[in-house]
Amino acid sequence: MVRKLALCTAALMMLGLVGLRARAQETLLAELYGQGVHAFFAGDYEQAHETLTAAVKQGSTDPRCYYFRALTYKRLGRPDEAKVDFEKGAKLETDNPERLYSVSLSLQRVQGPQRLELERYRQSARVAARMQRVKAKRARYEAQKRAEEDVLRDPDRQPPAKAQDLLGQPPPADS
């Protein structure tokens, strides 16, 4: 009994350490993102690129990292790489609706043609995600419709008998 308790305690501690490690990783990624944004707004685009790339390489799924790195690429004169990051950020933003990032608030200081370009990618990704959901919903509906014949209706089944046939004729009213 004591041994089982010790094993359970050890297992729970290991799970706790894994959770702490994951939170530490998220904290590190958030810090790298923040440093990259500060460097971007300070006009140090090389540093911004370096820091945001480090966050991406560490496994960040925050779309804002990709958006700011794309904006940095635009400022560094690398539009092809910016396009890839705009698309990746928009995909991350629409693919994971449970994770809410304050994207619009983070981009509040970004205005002008670059913001319009970024918003076109975001809108395109939202439309594509919606179309995908509609398509999946339609396919699910069609599959249910096709299966309805097998599930709900038996063409050989006789209709149920009428109550009057089962009970016979009612007695005359005067009896």
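The values are calculated or read from the model by the stated rules, or taken from the named source; none is laboratory data. These numbers were taken from a predicted model, which means no experiment stands behind them. All Cβ positions, even for glycine, are placed from backbone atoms using ideal geometry, and neighbour counts span all protein chains on display. The protein model used for the area step is the full one, side chains on, heavy atoms only, and it has no ligands, DNA or RNA in it. Shrake-Rupley method; radii C 1.70, N 1.55, O 1.52, S 1.80 Å.
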### Summary
Taking first residues from the range 115-138 that are under 11 Å from Glu87 (Cα atoms) and open to solvent by less than 100 Å² (accessible area, probe 1.4 Å) and second residues anywhere that are β-branched (Val, Ile, Thr) and in a helix (DSSP H, G or I), the pairs with Cβ under 7 Å that are 6 or more apart or on different chains are Ala125/Thr94
### Task
Out of the residues in the range 143-175 that are among the acidic types (Asp, Glu) and surrounded by 10 or more Cβ atoms within 10 Å (Cβ to Cβ), state the one that is modelled with the lowest pLDDT.
Glu149
### Task
Could you tell me which residue of the range 51-110 is least open to solvent (accessible area, probe 1.4 Å), considering only residues that are β-branched (Val, Ile, Thr) and assigned to a loop (DSSP other than H, G, I, E, B)?
Val110
### Query
Can you spot a residue in the range 127-142 that is of a type in the set (Val, Ile, Thr), farther than 30 Å from Ala48 by Cα, more than 23 Å from the chain's Cα centre (by Cα) and in a helix (DSSP H, G or I)?
no
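Answer yes or no as to whether Ala48 is assigned to a helix (DSSP H, G or I), modelled with pLDDT under 90 and more than 23 Å from the chain's Cα centre (by Cα). Lay out the reasoning, then the answer.
Values: assigned to a helix (DSSP H, G or I): yes; modelled with pLDDT under 90: no; more than 23 Å from the chain's Cα centre (by Cα): yes.
No: the conditions fail for Ala48.
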### Message
Of all residues being within 17 Å of Ala82 (Cβ to Cβ) and of a type in the set (Gly, Ala, Ser) in the range 22-42, which is surrounded by the most Cβ atoms within 10 Å (Cβ to Cβ)? Just the residue, please.
### Response
Gly36
